[in-house]
Amino acid sequence: MKKDLISIDDLGLEQILDYLDLAARVEALPAEKKAGLLPGKILATLFFEPSTRTRLSFESAMCRLGGRVIGFSEAANSSTAKGESFSDTIRTVEQYADVIAVRHPKEGTARLAAEIAGIPILNAGDGANQHPTQTLLDLYTLRKFFGRVDGLKIALVGDLKYSRTIHSLCRALLAFDGVAMTLISPESLRLPGYLTKAAAGTTATFRESESLVDALRDSDVVYMTRIQKERFPDLVEYEKVKDCYRLEAKMLAGAPARLKVLHPLPRVNEISPDVDATPHAGYFEQARNGVIMRQALILDLLDARP
Amino acid sequence: MTPQNILLIPKIERGFVIDHIVAGLGIPVMALIGRRPELGDAVVTLGLNYKSTRMGRKDMIKLQADALPERLLQMLALVSPGVTIKRIANFEVVEKVVIQVPELFDNLARCINPNCITNGEPHVATRFKRLESGSKHFKCGHCERVCSLAELAGHLKA
């Protein structure tokens, strides 16, 4: 039976840990050995909405495994612009490729693609719903920095209301043991109640705070997010909150050595460039881990685990 | 049954009684029956707001038909779960079934999320899975949006 990766909710803890282990094995392989793992295989990256970073990460992952990549980077460049249905696009492209990574502004598209296609589907983001490869690379990054995910103290900062990355990460962290999450956001961008309620019956905890400075002293990880202008129906509201949490190098002076700052990128103003040179900056390594995790996932879905 | 009830909604020789409809839902249930071409020739009687020991008030529908379409039964589970279907032969109840909320609604309703792909591509069959046994909340099998039974009942497909 073919495999897909559609939603972090489809994965149990055991499978998440298996993917983290697989990514570590892939990372440890010499580059020349990796480059021979998927000769002749083709990844189609179907991006119905722009996302340079995720698309390039998938493409880099496939190229470094010795495979090749076809695809498009926005709906205007696809047959959708001519009126083709999403279903027909998937049915056609599956004839051209061995695995598909799909991003689409509508929720549920990756699941639909998986139902239609006879080849594996990777969800590269479906509307406001899921972005499971981002979640897995975030977990991989945590485990690389700390050797564990259990028991970490993680401050989530910025747009907790609309951030698909944050929602998926929270849901995944609930599966681990004793993760303490501190929520720091403007009132209008708080984490949805259904997510905080989901902690009931788990060993995870949520608490709200307004102070980024306090979080820097008392956390293992500060996970920053961009306030997403495109999510605001009223730009006046966006202007009120856009720069409410900005991390600068001088604020990290009293932070514990272990503290890592993560960000799914792209950043705008929420992390000052002077943070990059501090030992706390973890976001570029996080981006690198994205390629490794996506390599692991492509290999797993194509039944080509090393 | 009181003489007044007999006058309002007489016994049928054969067919079905949809009983224990929550008062107020009789007309929406009638609308479901009206959608089924298989029941186009059926004689249908609607009774509203009867006194009921168990429910306080209830609605009731009697259909003189040979069979109830499967899709009608599925839609009843969505619009008015808990109703009792009684099959009647020779004026007697010969079978009684209570319609329960199922674990899965298969292509009965549209997703409440306007940005769900199933609303963009209406030929796609929807499915809504119950969150957990006993829950009245369901999760879209595509966009994963959670909605209530009542919300789904407001988004019935044809």
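The values are calculated or read from the model by the stated rules, or taken from the named source; none is laboratory data. Bear in mind that the values here come from a model prediction, so they are computed numbers and not experimental data. Please note: Cβ atoms are built from the backbone with ideal geometry, for glycine as well, and neighbour counts cover all protein chains shown.
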Output for Cβ contacts, cut-off 7 Å, separation at least six or different chains, first residue within 12 Å of another protein chain (Cβ to nearest Cβ) and in contact (Cβ under 8 Å) with a residue 40 or more places away in the chain in segment B:111-139, second surrounded by fewer than 19 Cβ atoms within 10 Å (Cβ to Cβ) and part of a loop (DSSP other than H, G, I, E, B), reads B:112/B:155
Which residues, taken from segment A:199-237, are within 14 Å of chain B (Cβ to nearest Cβ) and touching a Leu at 6+ places or on another chain (Cβ under 6 Å)? none
When only residues in segment A:70-79 that are buried (at least 18 other Cβ atoms within 10 Å of the Cβ) and away from every other protein chain (no Cβ under 14 Å) count, which is modelled with the highest pLDDT? A:71
Hey, residue A:252 hits all of (1) free of Cβ contacts under 8 Å to residues at least 40 places away in the same chain; (2) out of contact with any His (no Cβ under 6 Å at 6 or more places or on another chain) but one; which does it fall short on? (2)
Name the one entry in A:252, A:235 that is in contact with a helix residue (DSSP H, G or I) (Cβ under 7 Å, 6 or more places away or on another chain) and farther than 21 Å from residue A:51 by Cβ. A:252
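Going through A:82, A:106 one at a time, which residue ends up being more than 28 Å from residue A:20 (Cβ to Cβ) and buried (at least 24 other Cβ atoms within 10 Å of the Cβ)? Break it down into steps so the answer makes sense when it comes.
Values: A:82 fails: buried (at least 24 other Cβ atoms within 10 Å of the Cβ).
Just one listed residue meets the conditions, A:106.
Is it the case, given these coordinates, that residue A:49 is out of contact with any Cys (no Cβ under 9 Å at 6 or more places or on another chain), among the acidic types (Asp, Glu) and touching a residue at least 24 places away in the same chain (Cβ under 8 Å)?
On the way: out of contact with any Cys (no Cβ under 9 Å at 6 or more places or on another chain): yes; among the acidic types (Asp, Glu): yes; touching a residue at least 24 places away in the same chain (Cβ under 8 Å): yes.
Yes; evaluated as a whole, the condition is true for this residue.
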Where in segment B:62-158 are there strands (runs of 3 or more DSSP E), lying wholly inside it, with at least 2 residues that are within 24 Å of residue A:88 (Cβ to Cβ) and more than 20 Å from the chain's Cα centre (by Cα)? none
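When the residues of segment A:109-147 are filtered to those that are at the interface with chain B (Cβ under 8 Å from one of its Cβ atoms), under 13 Å from residue A:48 (Cβ atoms) and at pLDDT 95 or above, which remaining residue is surrounded by the most Cβ atoms within 10 Å (Cβ to Cβ)? Quick ask: steps written out before the conclusion?
Filtering segment A:109-147 down to residues at the interface with chain B (Cβ under 8 Å from one of its Cβ atoms) leaves A:109, A:111-112, A:126-130.
Narrowing the set further to residues that are under 13 Å from residue A:48 (Cβ atoms) leaves A:109, A:112, A:126-127.
Add one more test, that the residue is at pLDDT 95 or above, and what stays is A:109, A:112.
Values: A:109: 31, A:112: 27.
The extreme case among them is A:109.
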